[in-house]
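S.K.: Below is one structure. I have some questions about it.
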Amino acid sequence: MQFNSFSYILLFLPLTAAVYFLASRYRVYAGKLALVLAGAVFYALGGWKSAVVLAVSLAVNFAFAKAMEKTSVPGRALLAVPVVLNAALLFVFKYTGFVLTNHNALG
């Protein structure tokens, strides 16, 4: 599902907004949990590979956040590792097709 598809604009987005507003009236963190779950569902609808990549990225970020809580290393030094990993992950999934297409066209 794309952000500019009719199914997203007319179905997924209004449903997510309604669930968020109803859930946030019930409990403080219920609305945030609803948005996290809606994001996971959105990625899963795009393909199971996207959902797996998202889950792995979340797990790595969570592990580094817990490590930053417990260590005496300055936060910036330890924070650089997950930031670089996330940027590399974004680069691979965003630009690999572009690089390979241009490489094949040149050679």
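S.K.: Under 10 Å, Cα contacts only: if you run a Gaussian network model on the chain, which one of V60, V73, V81 comes out with the highest mean-square fluctuation?
M.R.: Result: V73 has the largest fluctuation of those listed.
S.K.: While we're here: Label 7 Å along Cα→Cβ of V53; the stretch 1-42 residues with amide nitrogen under 14 Å?
M.R.: Under 14 Å, as judged by backbone N against the label point of V53, lie 1 of the stretch 1-42.
S.K.: When Rg/Rh (Cα atoms, Kirkwood Rh) is calculated directly from the model, which label among [x] 1.09; [y] 1.06; [z] 1.02 fits?
M.R.: [x]
S.K.: Right, here's the next one. Can you tell me the length gained on complete extension of the stretch A87 to A67, counting 0.36 nm per residue apart and subtracting the Cα distance? Please list the in-between numbers first.
M.R.: Working: separation 20, 0.36 × 20 = 7.20 nm, distance 1.97 nm.
Full extension of this stretch gives 5.2 nm more.
S.K.: Separate question: Considering only protein heavy atoms, what per residue accessible area in square angstrom results for the stretch 1-60 with a 1.4 angstrom probe? Could you put the intermediate results ahead of the total?
M.R.: Values: 4710 Å² over 60 residues.
In whole numbers, the stretch 1-60 has 79 Å² accessible per residue.
S.K.: If you don't mind, there's one more thing I want to ask. Select from the stretch 7-102 those chymotrypsin sites (Phe, Trp or Tyr not before Pro) which occupy a DSSP coil region and have at most 13 other Cβ atoms within 10 Å, ordered by residue number. Intermediate results must be reported in sequence, preceding the final value.
M.R.: Values: sites: Y8, F12, Y20, F21, Y26, Y29, F42, Y43, W48, F62, F64, F91, F93, Y95, F98; in loops: Y29.
Passing both the DSSP loop test and the Cβ count: Y29.
S.K.: May I pose another question? Accessible area of the chain with a 1.4 Å probe: how many percent of it is carbon plus sulfur? It would help to have the intermediate numbers written out before the result.
M.R.: Values: 6360 of 8720 Å².
With neighbouring chains kept in place, the figure for the chain is 73 percent.
S.K.: State, as an integer percentage, the relative contact order of the chain based on alpha-carbon contacts under 8 Å between residues 6 or more apart. Kindly include the intermediate steps, with their values, before the conclusion.
M.R.: Numbers: 43 pairs, mean separation 14.7, N = 107.
Computed over the chain, the figure is 14 percent.
The values are calculated or read from the model by the stated rules, or taken from the named source; none is laboratory data. Keep in mind the model is a prediction, meaning the values are calculated, not measured. Glycine gets a Cβ as well: all are built from the backbone with ideal geometry, and neighbour counts include every protein chain shown. All accessible areas refer to the heavy atoms of the entire protein, side chains included, with ligands and DNA or RNA removed. Shrake-Rupley method; radii C 1.70, N 1.55, O 1.52, S 1.80 Å.
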